[in-house]
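Everything below concerns the one structure shown next.
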Amino acid sequence: ELLTVAEDNRATCSRNDIWVALQSSLDRFAPSESRLIMQFMQTNDTCRVALESVYTSLHKYRHHLVHNATVETDVKELRQHVITTLYRHGMPEVGMFHEMSIWELREVLLDLNLIALSRMQIHVILQYLEPNDEHMVDVHYFIRVVCAIIPRLFDAGLLASTAQLIAAETVEIKNIAELRELEAFVETIGAAMPDRGSVRDIDDDPPPDRDHVEKALCQIFQMYDKEHTADHTLLLFDFLAALSSEHVAVLRLTPAEVRGFIAELEPDDSRVRYLDHVKKWVPILF
């Protein structure tokens, strides 16, 4: 989408245009991921890249990662690389108790330059981390979680079985949707009939969709924005208070989704640009 706009709907673009697009989408592409993607972009005789080939190149890149993972699937090498990266980010000797904020650990994950983690894989790992009330995480717990999850992300057999499971779930969801339509039709027919005292459980309702969640979160944060700031910012404390309120609870976000949403914050002097954050990360939840 960025390339189409930048090239004014032309059929090709330069490699520099692709690099600029990747660098402007750091919330979708990790730094190491961007560098590797550039190696898979094929150019024509005029050293330009066909826009229609970008998706194909990305697909080849993903396929290559799964079938050529080395450090990612070697737990010993993976652990050593994670520890070395933690040292660069201020961790003392291994064995000493040390905590880092969830946002510092996000930067650690982004800095794992020997591992080709996608930005979305990093987001998933952040969802699994369970910080304390001060959003701090024990680094030894962090190492265990990372070394347990990353090898699974690059297990070709596991990915294949997961794909089959998702396909089956997709069919099941489609069947449930058709059943709901049939039930709605029956309810319409029976609307004029006497009430027999049936009670509908709220848990039977489908969960809110993306547009509803995005709009509701914006309204909740604006309600907490007592100062009505022009740049739509909240103190980090107020932002977190809003997320733990009953207003957000009705949106039925899972604890992991909320943890990931918080972990992707970019607090600017302890303030959060809540509208930008909602529009950037709520689509990832869906």
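The values are calculated or read from the model by the stated rules, or taken from the named source; none is laboratory data. Since this is a predicted model, take the numbers as computed values, not measurements. Here Cβ is always computed from backbone atoms with ideal geometry, including for glycine, and neighbour counts include all displayed protein chains. Surface areas here come from the heavy atoms of the whole protein model, side chains and all, with no ligands, DNA or RNA. Shrake-Rupley method; radii C 1.70, N 1.55, O 1.52, S 1.80 Å.
Go through region 102-133 and give me each residue that's outside any loop (DSSP other than H, G, I, E, B) and of a type in the set (Ser, Thr, Tyr).
The answer is Tyr128, and nothing else.
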Name the pairs: first residue in region 153-177 and under 20 Å from His63 (Cβ atoms), second residue part of a helix (DSSP H, G or I) and open to solvent by 80 Å² or more (accessible area, probe 1.4 Å), Cβ to Cβ under 6 Å, at least 6 apart or on different chains? Leu158/Arg152
Looking at region 60-87, I want the residues that are closer than 29 Å to Met41 by Cα and have a partner that is open to solvent by 70 Å² or more (accessible area, probe 1.4 Å) and β-branched (Val, Ile, Thr) with Cβ atoms under 6 Å, at least 6 apart or on another chain. Which pairs are those? none
Condition first: assigned to a loop (DSSP other than H, G, I, E, B) and surrounded by fewer than 17 Cβ atoms within 10 Å (Cβ to Cβ). Now tell me which residues in region 252-286 satisfy that. Arg252, Thr254, Glu266, Pro267, Asp269, Ser270, Phe286
